[in-house]
Amino acid sequence: GENVEQHPSTLSVQEGDSAVIKCTYSDSASNYFPWYKQELGKRPQLIIDIRSNVGEKKDQRIAVTLNKTAKHFSLHITETQPEDSAVYFCAASISSGGSNYKLTFGKGTLLTVNP
Amino acid sequence: DARVTQTPRHKVTEMGQEVTMRCQPILGHNTVFWYRQTMMQGLELLAYFRNRAPLDDSGMPKDRFSAEMPDATLATLKIQPSEPRDSAVYFCASGQNQPQHFGDGTRLSIL
């Protein structure tokens, strides 16, 4: 089955700096890669996703890049703010024919943004 | 803003008791997932359904866990008998195509 590795497990940055979280996946058939943000005691919430037919996607201060050949994808957060502090999860899935397939999650990265 | 609804939000009970967790998926979503989250194991998929049919429950301990979808608006996850190692946050998620949307979870403590 699919295996997703996520690094680093913890990341501490100063407010205004950039943060990068990296994930690798094992199944070359995976074609959908979402990122979820989970604040303490809350539910995971989707912040951005990317499909394998594109290499990069941006939404304001966050961006995701995908390298299909190397089977890795990354989350980039620029101009970090204290409210970005949370656990971030990457995931991989095979999505086909409009069907929603199961996600395999990484172990998560605890991001702390220091004021 | 449509949301996945889970009940109860918190549950504390003694080992050996039956626990039932409920999930109302977002209207129109045809796929429902059950996850368990712990510090040690992270987010683990327990089971999922598409159009109410179980597709994969390989992540679920079969001897004590069961998952069902009696109708399109209700999914249930039962543990009988419960054990202290079942203490975790259980999330339900639903989707129609991607992405999956998570409920607020049930925080379960087995004493």
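Evaluated with a Cβ-only charge set (Lys, Arg +1; Asp, Glu -1), region A:52-93 carries a dipole of roughly 300 debye about its Cα centre, given to the nearest 20.
Specify the residue with the greatest mean-square fluctuation among B:Asn97, B:Asn30, B:Asn51, computed from a Gaussian network of chain B linking alpha-carbon atoms under 10 Å apart. With Cα springs under 10 Å in chain B, the top fluctuation among B:Asn97, B:Asn30, B:Asn51 is at B:Asn97. Since only A:Thr10, A:Leu40, A:Phe105 are under comparison, the one whose Cα sits farthest along the positive direction of the charge dipole of chain A, derived from C-beta charges on Lys, Arg, Asp and Glu, is A:Phe105. Bridges between two residues of chain A, per DSSP, are antiparallel at a rate of about 90%. Taking Cα centre as origin and charging only the Cβ of basic (Lys, Arg, +1) and acidic (Asp, Glu, -1) residues, the dipole magnitude of region B:33-111 rounds to 20 debye.
If each residue's Cβ is checked for other Cβ atoms within 10 Å, how do A:Glu15, A:Glu2 rank with the fewest at the top?
Ordered by Cβ neighbours within 10 Å, fewest first: A:Glu15, A:Glu2.
For chain A, modelled as a Gaussian network with Cα springs under 10 Å, which listed residue fluctuates most, A:Asn53, A:Asn31, A:Asn67? In the Gaussian network model the winner is A:Asn53.
Annotation for region A:49-115 versus region A:1-46: alpha-carbon center distance of 5 Å. Of the peptides B:19-29, A:76-86, B:1-11, the order by per-residue mean of other Cβ atoms within 10 Å, starting with the highest, comes out as B:19-29, A:76-86, B:1-11. Neighbour counts of C-beta atoms inside 10 Å place B:Asp57, B:Asp71 in the sequence B:Asp71, B:Asp57, starting with the fewest. Pair-distance distribution P(r) for chain B, from all Cα-Cα distances in 10 Å bins starting at 0: 16, 51, 29, 4 percent.
To the nearest 20 debye, what is the magnitude of the charge dipole of chain A about its Cα centre, counting +1 on the Cβ of each Lys and Arg and -1 on the Cβ of each Asp and Glu?
Roughly 360 debye for chain A.
Values quoted throughout were computed directly from the atomic coordinates according to the rules given, and no laboratory measurement underlies them. If you're wondering where the values come from, they're calculated on a predicted model, not measured in any experiment. For neighbour counting, all protein chains shown are included, and Cβ atoms are generated from backbone atoms with ideal geometry for every residue, glycine included.
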